[in-house]
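All remarks here apply to the structure that follows.
The values are calculated or read from the model by the stated rules, or taken from the named source; none is laboratory data. None of these values were measured; they are calculated from a predicted model. Glycine gets a Cβ as well: all are built from the backbone with ideal geometry, and neighbour counts include every protein chain shown. Please note that ligands, DNA and RNA were not included when accessible areas were found on the heavy atoms of the full protein model with its side chains. Shrake-Rupley method; radii C 1.70, N 1.55, O 1.52, S 1.80 Å.
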Amino acid sequence: MQLSSIALGSSILAACTPTNTTSSTSESLGNLDKIKFSLSWKAEAEYGGFYQAFATGIYRQHGLDVTIQPASPQTNTTQLLMGGVVDFSMGSGVNAIQAIQQGIPKVTVAAIFQKEIKVLLTHPGVGNDSFADLKGKPIFISPGSIYWPFLKAKYGFTDAQIRPYNFNVSPFLVDQNSAQQGLLTSEPYTIEKEGGFKPNILLLADVGYNPYTFTIETTKKLVETNPDLVQRFVDASIKGWYSYLENPEPANQLIKQDNPEMTDGLIAYGLNKLKDYNIILSRDAETQGIGAMTDKRWEGLFNELAAVGVFDGNTDYQQAYTLEFVNKGLDYYLSQ
């Protein structure tokens, strides 16, 4: 376990709640089920719905006393989850299937984002306007990026193009013929501020790499022994997201408390990109509600990445998720 992450978990609620103590919240509203929920990064707009459910009392209305625990680059959220340090964590479809390959009994219970927000960014006006244009060009990416085998197979990219990305945009800024990895909601903003130009945004989801991301994960044990608790946490989180997309201010105040580096401008940029690109409310979520998942999408992800060697083709990928707690329909989430 990462001790720094555990320490974060013990202090985060004090920064998130007006009462500054969990006990006073519980005493004022009766007995609540205590839940610890680990994010996959620092507080930002991408987690706004969870903070909104906390800020507006949606979690408490569902009988939950929730601690939101940010993460750091050193945090292993799967380790925290399986070690019982947290009850739920943020995850991704790719990692969920990889966990099954490793015999780790965790399960995805909802997918907040319907589109992958990973992007490649390029300089405008130099002819690198599509993924196909990047064949043979230097690309700054993190080692071991799961989407790289997909891009190699689809566009003929080679490992010789890889340049290490260390979350510093300067190498990209000085090489106009290069591309750089990023997230739709953050790196384009940084490049515009530091480089003085708007980069081209090439969304991986638009060319077929679209695993479920920003998912809610828990242990198979909790799903089997306390499905009511899982359902209440999933429902409340989804309702928090609908609320956040409507009026984000309550959550944004808590996000800035938990992450002092987060500015109003970056939060607004991130939220606007989530809306502009229909990251949350598209595809199956349009009719089945935020968090929606389907067997077809999971099967497609597995087959696609097994074909390029990311997954073992013999993996029982269906063990990585359950549809039991989602796909309730818009009326279910918006009428209560």
Item to complete: Say whether the condition of being within 17 Å of Ile280 (Cβ to Cβ) and either at pLDDT below 95 or open to solvent by less than 30 Å² (accessible area, probe 1.4 Å) (or both) is met by at least one residue in the range 219-233.
Response: no
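In this structure, is Thr67 part of a helix (DSSP H, G or I) and on the phi < 0 side of the Ramachandran plot? Before the answer, list the steps.
On the way: part of a helix (DSSP H, G or I): no; on the phi < 0 side of the Ramachandran plot: yes.
The answer is no for Thr67.
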Practice prompt. Tell me, please, whether a residue that is among the polar types (S, T, N, Q), free of Cβ contacts under 8 Å to residues at least 40 places away in the same chain and either in contact with a Pro (Cβ under 7 Å, 6 or more places away or on another chain) or within 24 Å of Gly103 (Cα to Cα) (or both) can be found in the range 186-209.
Written response: no
Worksheet item: Which ranges mark the strands (runs of 3 or more DSSP E) fully within the range 95-204 that have 3 or more residues being open to solvent by less than 50 Å² (accessible area, probe 1.4 Å)?
Response: 106-113, 118-122, 139-141, 179-183, 200-203
